[in-house]
Ligand SMILES: Cc1cc2nc3c(=O)[nH]c(=O)nc-3n(C[C@H](O)[C@H](O)[C@H](O)COP(=O)(O)O)c2cc1C
């Protein structure tokens, strides 16, 4: 058990957000398997309050890029506020998001306000953000385990994704995750390499 835990830790330490992708294709089957892994996540009352859209269509990816860049231009031009932009500065990100067209897949994760276990249920969902957040963590882990790179992307706001993905207003776009292989010259910002030591984040009582 200790060996397996250690090996998993080593594997997870190799994961990083990628913002420069290759256009090398990735099979839909691989993406589906990773989403199926995410769908095993625990959720409030087992309502599984998520919906995943896997976008491989170049035309739809372009629509997402254009809409996201429009929001991001306003965000970086000041809507974010000085403190947020300061926090982002070490990552070197800006309003240009070519990876939204270049990455072979975009996975949009929607959080459902209402639902239930059975198809068509319209019950109240519980702990929606916690549940969908856990599913997204498992998705990112599954993609990494499969040898794929991803980015946790949140163009702000993301409501344009409802229209492009044809999802109802009762669902909130939660994350936009480009997936694929890193570009040959992809780099990871130094800022992202530093993770807090266990002593700083763990208290054993
Ligand atoms: C909820 C959330 C939203 C994020 N939004 C963005 C984003 O919109 N654009 C971006 O380039 N990175 C985004 N990131 C990625 C973070 O910048 C990245 O995870 C962090 O710098 C640590 O780097 P790492 O993922 O390589 O460990 C987001 C991460 C999270 C968890």
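Since every read-out is calculated from the coordinates, none of them should be taken as a lab result. Bear in mind the structure is a predicted one, so any value in this text is a computation, not a measurement. Cβ sites come from the backbone with ideal geometry, for glycine too, and all protein chains shown count toward neighbours.
Could we say that residue 120 is more than 16 Å from the chain's Cα centre (by Cα) and over 18 Å from residue 55 (Cβ atoms) here? Against the criterion (more than 16 Å from the chain's Cα centre (by Cα) and over 18 Å from residue 55 (Cβ atoms)), residue 120 qualifies. Segment 105-205 holds helices (runs of 4 or more DSSP H) entirely within its bounds, and those carrying 3 or more residues that are within 16 Å of the ligand (Cβ to nearest atom) and surrounded by 14 or more Cβ atoms within 10 Å (Cβ to Cβ) map to 128-145. Residue count for segment 1-40, restricted to those that are more than 23 Å from residue 102 (Cβ to Cβ), more than 16 Å from the ligand (Cβ to nearest atom), more than 15 Å from the chain's Cα centre (by Cα) and in contact (Cβ under 8 Å) with a residue 12 or more places away in the chain: 1. Being in contact (Cβ under 8 Å) with a residue 60 or more places away in the chain and touching a strand residue (DSSP E or B) at 6+ places or on another chain (Cβ under 6 Å) holds for only one residue in 149, 142, and it is 149.
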